[in-house]
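Engineer: Shown below is the structure under consideration.
The values are calculated or read from the model by the stated rules, or taken from the named source; none is laboratory data. No experiment lies behind these values; they were computed from the predicted model shown. Here Cβ is always computed from backbone atoms with ideal geometry, including for glycine, and neighbour counts include all displayed protein chains. For accessibility, only protein heavy atoms count, side chains too; no ligands or nucleic acids. Shrake-Rupley method; radii C 1.70, N 1.55, O 1.52, S 1.80 Å.
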Amino acid sequence: MRKLTYGQYLDKIYGCWLGKCVMGTLGAPFEGMKQRLKLEFTPELIEKMLPNDDLDLQVLWLKALEEKGVHINSEHLAEAFNAENVYWPGEYAWFKKNYERGLRPPYTAMYENGFYFEGMGCPIRAEIWGLILPGNPKLAADLCEIDGTLDHYGNSVYFERFWSAMISAAFFERDVERLIETGLKYIPADSRAYRLIADTVGFCKRYNDFDFIRSRLIADYGHCDCTNSFVNIGITLAALLTESVDIIKCCITAVNAGFDTDCTAGNAGALLGLLIGAERLQKEFGFKDSGYALTLKYKRETDKIIDLAVCTARVGVYFLRNYTGAAQTVEGGEGAAVSYAPPDIEIVNEYDSPPYLAPGESLTGGLTLVNRTAGAARLRVSAAAPDGFSFAFAGGTDVDVPALGCRRLNFTIKCFEKNLLREKNIFTAECSFGGTKYRRDFGVIGKTAYYVYGPFWENNFRIELAGGSKKPYGEYIPGKSGSEYADNLRGYHINSFADIDKEYMPLESLAALAEGASYEQTPRLKFVSGDEFLLSGVSAFEGAHIVYLVRKILWDRAQRVKIQIGHNDAFQLYLNGKLLSERDTVQNWTPENVHIEENAAFKAGENILIVRLARRAADPKFSLNFLADALCPPHLTGLNSVIG
């Protein structure tokens with residue numbers, strides 16, 4: 001078995017962190033530019049390190065590793081993320097929102113995060129897992145999942161597994177293509193992530209033109225979001241495969257490809273920095289340890305990259321000596337002193353279906369009781385439900401859990417709330433063992449309640465037939481040519497039209513929620529899971545039409561808010577009688593098509609939200625999120641729907 005001296009190990013870790021910081025700084029000013037750039041490297045571009053979430057969370061994970069050691073799990077990382085990370089874009093925001101609503105990993109990544117779940121926020125955090133398990137690529141790949149599944153799932157987690165394995169293997173392998181082959185061993189061969197990586201290697205062999213490779217990657221794997229992982233991983237690998245000899249040429253190549261440039265340059269720089277080592281980076285490439293910058297609340301004792309490397313190496317030495325199955329690949333060095341011992345008993349909850357409920361609905365799940373002691377544990381489990389919900393175990397609550405084993409208790413949760421459906425509903429499960437009480441809090445999300453009016457739709461022509469008229473109605477359809485007449489007649493027969501300018505109902509009558517003169521003018525209560533939905537989820541009419549949605553939101557105080565709206569068809573949004581936003585465009589949906597940064601506020605008590613939505617083409621998607629009035633604001637939770 002090949003081994004490193006402690007000095008060699010530290011030099012490679014230091015090189016990795018130097019490459020991450022310096023090359024991440026190189027790309028940071030251009031992050032989000034989805035275009036070909038023509039930058040030339042100058043030392044001024046990397047003089048001062050810029051804060052970067054690519055490093056932030058790995059520094060935070062280092063703190064958790066120092067505290068929890070080999071017993072670290074997703075819950076520990078989630079707690080640290082929620083407490084210390086103040087950066088709220090994309091998938092990070094959805095992790096925090098779901099965490100605040102009582103979900104725990106991996107569920108924090110799985111709901112209402114469909115636009116961002118394959119983002120670069122996952123593979124940019126891969127290095128630390130490979131650094132603490134040098135020469136153990138499978139263990140590094142497996143361990144990194146406790147990180148990735150906080151706010152990502154599927155291919156993005158596969159990319160982190162791939163990258164962590166490469167970092168681990170790079171302590172003993174210098175060839176980039178062989179490192180890629182190693183990384184591929186630890187992700188599913190039938191995954192899209194695997195195909196992207198294999199295709200990128202093939203493109204680099206087939207085309208002697210980086211621009212052509214970039215264009216092919218965008219054509220085959222492109223996404224409108226600059227942070228989506230597919231094109232960015234492809235760009236990073238293509239830069240490594242074409243310019244791996246010179247770290248600066250490699251990373252400027254990655255930056256000039258555009259998209260998530262701090263991530264592409266940072267990941268490439270970290271891998272090459274490890275391969276080259278800190279001593280050579282400083283002597284041959286002029287890298288300087290000017291310190292790193294964080295956006296976290298948490299700060300370490302120093303901001304020197306060498307100190308970060310030393311602490312990482314200490315955790316690595318500790319892991320190699322204590323992590324089950326780790327090959328001993330480093331000789332010498334002092335390991336971190338970790339005193340943490342996990343609890344004897346742990347309660348973990350699972351959901352059998354998405355954790356959203358409306359009145360009259362139920363869901364099933366389970367509480368898994370984990371026994372870490374050397375003897376069997378007899379446990380009596382109790383559970384408490386919030387107002388408007390019931391909790392029932394499927395069987396008895398006295399459970400024998402074998403030594404070093406686990407048992408699952410199945411449960412059913414029902415919602416019977418009739419007046420106020422809360423967004424955030426926290427359940428508590430408890431048991432006692434050996435004089436110690438163990439507790440698990442977990443959430444169920446109340447569905448979003450809308451009163452629906454409609455559908456309101458039009459024909460392409462309004463035909464008025466006089467009483468007793470024998471004239472065929474087709475003669476009322478205009479057409480200057482046979483083709484135009486056929487279009488108009490068949491449009492009348494088989495299509496419908498949405499008049500986005502016509503007012504079908506006044507705001508006052510909508511807010512009253514009173515029975516109208518017709519079914520369309522009478523409100524019907526509909527529920528959707530969370531903050532985004534397809535129009536077909538509230539209106540079954542198949543064709544172009546208009547609907548009005550009314551939501552009564554109970555809020556406990558007067559508060560200015562910001563709003564993010566996702567739409568791909570026309571809408572109008574009113575809050576407490578005030579028009580806040582309207583659009584008449586058809587466009588690609590994202591969760592952030594529209595930002596309302598000013599002039600929006602909740603009042604204390606009941607707030608009336610009215611949304612007028614149009615369907616003019618395929619089934620439109622709409623989303624609505626309220627955020628705090630702050631810079632890079634968190635999503636608000638606790639938006640309670642009045643339904644009585």
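Engineer: Tell me, please, whether a residue that is buried (at least 18 other Cβ atoms within 10 Å of the Cβ) and over 28 Å from Ile643 (Cβ atoms) can be found in segment 348-366.
Structural biologist: Among the residues of segment 348-366, not one is buried (at least 18 other Cβ atoms within 10 Å of the Cβ) and over 28 Å from Ile643 (Cβ atoms), which makes the answer no.
Engineer: So, one more: Go through segment 311-330 and give me each residue that's under 18 Å from Leu274 (Cα atoms) and either modelled with pLDDT under 95 or open to solvent by 50 Å² or more (accessible area, probe 1.4 Å) (or both).
Structural biologist: Of segment 311-330, the ones under 18 Å from Leu274 (Cα atoms) are 311-317, 329-330.
Scanning segment 311-330 gives a single hit, Arg314.
Engineer: Condition first: modelled with pLDDT of 95 or more, out of contact with any Gly (no Cβ under 7 Å at 6 or more places or on another chain) and hydrophobic (A, V, I, L, M, F, W, C). Now tell me which residues in segment 398-412 satisfy that. I'd like the intermediate steps shown before the answer.
Structural biologist: Here is the first cut: in segment 398-412, the ones modelled with pLDDT of 95 or more are 400-412.
Restricting the remaining residues to those that are out of contact with any Gly (no Cβ under 7 Å at 6 or more places or on another chain) gives 400-402, 404-407, 412.
Those that are modelled with pLDDT of 95 or more, out of contact with any Gly (no Cβ under 7 Å at 6 or more places or on another chain) and hydrophobic (A, V, I, L, M, F, W, C): Val401, Leu404, Cys406.
Engineer: Also: Those residues that are over 23 Å from Ile197 (Cα atoms), outside any helix (DSSP H, G or I) and under 16 Å from the mean Cα position of the chain (by Cα), I need them from segment 103-142; list them, please.
Structural biologist: Within segment 103-142, Leu103, Arg104, Pro105, Pro106, Tyr111, Glu112, Asn113 meet the criteria.
Engineer: Take Ile197 and decide whether it is open to solvent by less than 50 Å² (accessible area, probe 1.4 Å), of a type in the set (A, V, I, L, M) and under 25 Å from the mean Cα position of the chain (by Cα).
Structural biologist: Numbers: open to solvent by less than 50 Å² (accessible area, probe 1.4 Å): yes; of a type in the set (A, V, I, L, M): yes; under 25 Å from the mean Cα position of the chain (by Cα): yes.
Judged against the criteria, Ile197 is a match.
Engineer: I'd like to verify a number: residues in segment 47-80 that are modelled with pLDDT of 95 or more and either in contact with a strand residue (DSSP E or B) (Cβ under 6 Å, 6 or more places away or on another chain) or of a type in the set (Lys, Arg) (or both), how many?
Structural biologist: Qualifying residue count, segment 47-80: 2.
Engineer: Taking segment 603-616, which residues are open to solvent by 20 Å² or more (accessible area, probe 1.4 Å) and touching a residue at least 60 places away in the same chain (Cβ under 8 Å)?
Structural biologist: Ile608, Arg615, Arg616
Engineer: Separate question: Scan segment 424-475 for residues that are open to solvent by 50 Å² or more (accessible area, probe 1.4 Å), small (Gly, Ala, Ser) and free of Cβ contacts under 8 Å to residues at least 24 places away in the same chain and jot them down.
Structural biologist: Gly435, Ala466, Gly467, Gly468, Ser469 - these are the residues of segment 424-475 that are open to solvent by 50 Å² or more (accessible area, probe 1.4 Å), small (Gly, Ala, Ser) and free of Cβ contacts under 8 Å to residues at least 24 places away in the same chain.
Engineer: Which members of segment 573-626 meet the condition of being of a type in the set (Lys, Arg) and not in a loop (DSSP other than H, G, I, E, B)?
Structural biologist: As a first pass, look at segment 573-626 and keep what is of a type in the set (Lys, Arg): 578, 583, 603, 612, 615-616, 621.
Lys578, Arg583, Arg612, Arg615, Lys621, listed by residue number.
Engineer: I've got another one for you. Which one is farthest from His545 (Cα to Cα) among residues in segment 511-523 that are modelled with pLDDT of 95 or more and buried (at least 17 other Cβ atoms within 10 Å of the Cβ)? Let's see the steps before the verdict.
Structural biologist: First, the residues of segment 511-523 that are modelled with pLDDT of 95 or more: 518-523.
Then drop every residue that is not buried (at least 17 other Cβ atoms within 10 Å of the Cβ), which leaves 520-521, 523.
Values: Glu520: 12, Gln521: 14, Pro523: 16 Å.
My answer is Pro523.
Engineer: For segment 113-124, how many residues are surrounded by 21 or more Cβ atoms within 10 Å (Cβ to Cβ) and closer than 24 Å to Leu624 by Cβ?
Structural biologist: Step one: of segment 113-124, the residues surrounded by 21 or more Cβ atoms within 10 Å (Cβ to Cβ) are 113, 115-124.
Applying the additional criterion that residues be closer than 24 Å to Leu624 by Cβ yields 113, 115-119, 121.
The qualifying residues number 7.
Engineer: Does Ala189 meet the test of being assigned to a loop (DSSP other than H, G, I, E, B), open to solvent by 10 Å² or more (accessible area, probe 1.4 Å) and hydrophobic (A, V, I, L, M, F, W, C)? So that I can check it myself, show each step before the final result.
Structural biologist: Working: assigned to a loop (DSSP other than H, G, I, E, B): yes; open to solvent by 10 Å² or more (accessible area, probe 1.4 Å): yes; hydrophobic (A, V, I, L, M, F, W, C): yes.
Answer is yes for this residue.
Engineer: Somewhere in segment 282-301, is a residue within 30 Å of Gly435 (Cβ to Cβ), out of contact with any Lys or Arg (no Cβ under 9 Å at 6 or more places or on another chain) and surrounded by fewer than 22 Cβ atoms within 10 Å (Cβ to Cβ)?
Structural biologist: Here is the first cut: in segment 282-301, the residues within 30 Å of Gly435 (Cβ to Cβ) are none.
There is no residue in segment 282-301 that is within 30 Å of Gly435 (Cβ to Cβ), out of contact with any Lys or Arg (no Cβ under 9 Å at 6 or more places or on another chain) and surrounded by fewer than 22 Cβ atoms within 10 Å (Cβ to Cβ).
Engineer: Now for a different question. Are there any pairs with C-beta distances below 6 angstrom linking a residue in segment 515-528 that is over 11 Å from Met505 (Cβ atoms) to a residue that is among the aromatic types (Phe, Trp, Tyr) and outside any loop (DSSP other than H, G, I, E, B), with the two at least 6 apart or on different chains, and if so which?
Structural biologist: Qualifying pairs under 6 Å: Leu525/Tyr451; Lys526/Tyr450.
Engineer: Mind listing just one residue for me: the one in segment 560-602 that is over 20 Å from Ala93 (Cα atoms) and of a type in the set (Ser, Thr, Tyr) and, of those, least open to solvent (accessible area, probe 1.4 Å)?
Structural biologist: Out of the qualifying residues, it is Ser581.
Engineer: Then there is this: In segment 386-416, how many residues are in contact with an Asp or Glu (Cβ under 9 Å, 6 or more places away or on another chain), over 23 Å from Glu75 (Cβ atoms), open to solvent by 30 Å² or more (accessible area, probe 1.4 Å) and touching a residue at least 40 places away in the same chain (Cβ under 8 Å)?
Structural biologist: 1
Engineer: Restricting the first residue to segment 207-222 and requiring it to be touching a residue at least 24 places away in the same chain (Cβ under 8 Å), which pairs with a second residue that is open to solvent by less than 30 Å² (accessible area, probe 1.4 Å) and of a type in the set (Val, Ile, Thr) meet a Cβ separation below 7 Å and a spacing of at least six or different chains?
Structural biologist: Phe210/Thr253; Arg214/Ile235; Tyr221/Val231
Engineer: Something else now. Consider Gly333 carefully, then state whether it is within 30 Å of Val401 (Cβ to Cβ) and over 30 Å from the mean Cα position of the chain (by Cα).
Structural biologist: Values: within 30 Å of Val401 (Cβ to Cβ): no; over 30 Å from the mean Cα position of the chain (by Cα): yes.
So Gly333 fails the test.
Engineer: From the residues in segment 146-170 that are in contact (Cβ under 8 Å) with a residue 40 or more places away in the chain and open to solvent by 10 Å² or more (accessible area, probe 1.4 Å), which one is farthest from the chain's Cα centre (by Cα)?
Structural biologist: Checked segment 146-170; the qualifying residue farthest from the chain's Cα centre (by Cα) is Ile146.
Engineer: Follow-up question, since we're still on this one. Is at least one residue of segment 209-231 among the hydrophobic types (A, V, I, L, M, F, W, C), closer than 17 Å to Pro137 by Cβ, open to solvent by less than 30 Å² (accessible area, probe 1.4 Å) and under 27 Å from the mean Cα position of the chain (by Cα)? Full working, then the answer.
Structural biologist: Quick first cut of segment 209-231, residues among the hydrophobic types (A, V, I, L, M, F, W, C) only: 210, 212-213, 217-219, 224, 226, 230-231.
If we keep only those that are closer than 17 Å to Pro137 by Cβ as well, we get none.
Taking every residue of segment 209-231 in turn, none turns out to be among the hydrophobic types (A, V, I, L, M, F, W, C), closer than 17 Å to Pro137 by Cβ, open to solvent by less than 30 Å² (accessible area, probe 1.4 Å) and under 27 Å from the mean Cα position of the chain (by Cα).
Engineer: Let me ask something else. Among the residues of segment 529-547, how many are open to solvent by less than 10 Å² (accessible area, probe 1.4 Å) and assigned to a strand (DSSP E or B)?
Structural biologist: Counting residues in segment 529-547 that are open to solvent by less than 10 Å² (accessible area, probe 1.4 Å) and assigned to a strand (DSSP E or B) gives 3.
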